[in-house]
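Asker: Sharing a structure here in C-alpha cells format.
The values are calculated or read from the model by the stated rules, or taken from the named source; none is laboratory data. If you're wondering where the values come from, they're calculated on a predicted model, not measured in any experiment. Methodologically, a virtual Cβ is constructed for each residue, glycine included, from the backbone with ideal geometry; neighbour enumeration extends over all protein chains shown. Quick note on the areas: whole protein, heavy atoms, side chains included, nothing else; ligands and nucleic acids left out. Shrake-Rupley method; radii C 1.70, N 1.55, O 1.52, S 1.80 Å.
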Amino acid sequence: MRQEAQAIVLAAGPGMRMTALTSHTPKCLLPLGTLPMLCYPLHLLQQAGFTEVSVVVSEGQEQRVSKVVEQYSLKVDLDVAVVSTAHDPGTADSLRQIASKIKRSVEDVVVVSSDLVTDVSLQDILDQHRGRGADLTMLTSPTPRLETAAPGPKTKTHLNSDIICTEAGTSRLVYMVAGGDYDESVVLQSSLLHCAAPLHLSSSTQDAHLYVVKRWLLDYALNKESPCADMGSLKAEILPHVVSCQFSGDRSSGGKLELSSLVEREEWEDLVRKYNNSVVPSRHHCLSTPQPPVCLTFHHPGLCARVNTLQTYWHLNRKIHEIFEQVYPNSEWQLRHPSAEIHERAQVSEDSVVGAGAVVCERTNVSGSVVGKHCRINPMVRLSGSVLGDHVTLVSGCVIENSLILASVEKKCTIKNCIVTDPNKIEENKTYSGEVLEATQDFA
C-alpha cells in the first residue's frame with residue numbers, strides 16, 4: 001500500500017559557522033531554551049501527523065540522538081541513520097549514504113534541517129504541494145532580522161542572502177542561488193524571461209531548508225547516473241538544477257539520465273487516472289507523456305529561522321520565552337520546569353527560563369536568562385541576559401552578563417559579553433570581556 005510521505009531530518013551537520021559551540025556538543029543537540037535544537041523539527045513533524053521520522057546523524061551520535069524522544073516526551077518513533085562525516089559530506093551526500101532507507105512505498109519525502117525553528121503549519125505546505133500537483137515545494141520566509149549581537153569578539157562576518165526568483169502570483173520557483181554561491185551579482189538566463197514572466201526577484205527571502213519532494217524526483221537527484229551525481233549540496237546544487245529542468249524541454253543531457261525517465265510508468269498512469277477523472281483540470285489532464293517538474297515555494301511570513309549561525313542561536317535563546325508557544329504548540333513541556341528547585345530567597349525574573357533538575361540557590365539574582373537542565377547556580381551569583389547550557393555550575397560570587405556559558409565556572413570571576421566552553425581558561429577573581437574561552441578538544 002502506498003504511503004503519503006516519509007520524513008527525514010538532516011542532523012549530521014557539524015555547525016561550521018558555530019565552531020565555538022559545536023567543538024564539544026553536536027549542533028543538533030545544542031540547547032535552545034530547555035530543549036535540544038532537534039526537538040523543534042521533530043515536534044513540527046509530529047504536529048503534522050508523522051509517527052515515524054528518519055534522522056540522519058554523524059557517526060558516534062546515534063545513541064544520544066535516539067534518547068531525545070523519550071527524554072522530551074515526543075510521540076514519534078526515530079529511525080536513526082548514521083553517515084560518515086570524515087570527508088565533510090554535503091546534505092546530498094548524506095542522503096545518498098542513507099538512500100536505502102527512503103521507502104519505495106511513499107509518494108513524497110519531507111526533508112528538513114535539524115536547525116529549523118518555525119511556527120509554520122507543515123500540513124498547509126503538504127496540502128499546497130499535493131493540491132497543485134507539485135514535484136518540489138520549498139519553504140521560504142523573510143530573512144529574519146536579528147536584534148541582539150552575539151557575545152564574544154565583534155566581527156564583520158557577512159553572509160550573502162539567498163536569491164530567490166518566483167513567478168509573480170503563482171509561487172512557482174524559477175531560479176535560486178544559495179547565499180554563499182555568488183559575490184556581488186547574479187546572472188539570469190534569458191530563457192527565464194520567456195518561460196515565466198512577470199518575475200519576482202528577492203534577496204530578502206530565505207530558503208528555510210524544508211522541502212517536500214516527490215519520491216521519484218529524489219531518486220533522480222540521488223541516482224549515480226543523473227547529472228546530479230557529483231553534486232554534494234541539496235540547496236546549493238541539486239535544487240537549482242531541478243528548478244532549471246522546468247525549462248529544459250527535451251534537450252539532451254549529454255548521455256546522462258534524463259529526469260523524465262525516472263517517473264515510474266505505474267505512478268504516471270495512476271496520476272493520469274486520478275486527474276483525468278477530476279472535476280478540476282490539472283497539469284496532468286489529457287497528457288500522455290510526463291512533463292518537466294513543477295517547483296513551487298510556500299512562503300511563510302511568520303516566525304521562521306535557521307539556527308545555523310552563532311548570532312541566530314543567541315538571538316533565539318534570548319527570545320525563547322516569547323516565542324515558545326508559537327514554535328512548540330500543543331505541548332505540555334514547560335520553560336520553567338516543575339522539577340527545577342528555585343530557593344524562596346532567589347530572585348528569578350518572569351522572562352527567565354529554568355530547565356529540568358536545575359537548582360537556583362538563595363541570594364541569587366537571575367534576570368532575562370536561560371538556565372539549562374541540571375544546572376546549579378550557587379548563592380550570591382548575579383546572572384543577567386545570559387544563556388547557560390545543560391549541566392553548568394556557577395560558583396558563589398560569580399557575575400555573568402550577556403554571555404553564553406556552556407561549561408562550568410568553578411572560580412569566582414566576572415564574565416561579560418563572552419562565550420565560555422572551556423572551564424580551564426578561567427582564573428580566580430579575573431574579569432573577562434568580549435572573549436571566547438573555547439574548548440580545545442572535539443566532542444566524542
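Asker: Please work out if residue 266 is at pLDDT below 70 and surrounded by fewer than 16 Cβ atoms within 10 Å (Cβ to Cβ). Don't jump to the end; show me each part of the working.
Answerer: Values: at pLDDT below 70: yes; surrounded by fewer than 16 Cβ atoms within 10 Å (Cβ to Cβ): yes.
Considered against the rule, which asks whether it is at pLDDT below 70 and surrounded by fewer than 16 Cβ atoms within 10 Å (Cβ to Cβ), residue 266 comes out as yes.
Asker: What residue, of 253, 260, 288, 278, is out of contact with any Cys (no Cβ under 7 Å at 6 or more places or on another chain), buried (at least 16 other Cβ atoms within 10 Å of the Cβ) and either of a type in the set (Val, Ile, Thr) or modelled with pLDDT under 95 (or both)? Walk me through it before giving the result.
Answerer: Details: 253 fails: buried (at least 16 other Cβ atoms within 10 Å of the Cβ); 288 fails: buried (at least 16 other Cβ atoms within 10 Å of the Cβ); 278 fails: buried (at least 16 other Cβ atoms within 10 Å of the Cβ).
Only one candidate qualifies: 260.
Asker: Restricting attention to the stretch 326-341, and to residues there that are part of a loop (DSSP other than H, G, I, E, B) and open to solvent by less than 80 Å² (accessible area, probe 1.4 Å), which single residue is nearest to residue 33 (Cα to Cα)?
Answerer: Per the criteria, the residue is 335.
Asker: Tell me, yes or no, whether the stretch 366-381 has at least one residue that is of a type in the set (Ser, Thr, Tyr), surrounded by fewer than 24 Cβ atoms within 10 Å (Cβ to Cβ) and assigned to a loop (DSSP other than H, G, I, E, B).
Answerer: No.
Asker: What strands (runs of 3 or more DSSP E) lie completely within the stretch 58-156 and have 3 or more residues being surrounded by fewer than 19 Cβ atoms within 10 Å (Cβ to Cβ)? Break it down into steps so the answer makes sense when it comes.
Answerer: Numbers: elements: 77-83, 106-113, 116-118, 136-142.
By residue number, 77-83.
Asker: Now for a separate question. Could you check, for the stretch 93-103, whether at least one of its residues is free of Cβ contacts under 8 Å to residues at least 12 places away in the same chain, of a type in the set (Ser, Thr, Tyr) and farther than 30 Å from residue 204 by Cβ?
Answerer: Yes, that holds for at least one residue.
Asker: Next question, about the same structure. Give the residues of the stretch 397-423 that are open to solvent by 40 Å² or more (accessible area, probe 1.4 Å), over 21 Å from residue 373 (Cβ atoms) and over 32 Å from the mean Cα position of the chain (by Cα), sorted by residue number.
Answerer: Within the stretch 397-423, 411, 412 meet the criteria.
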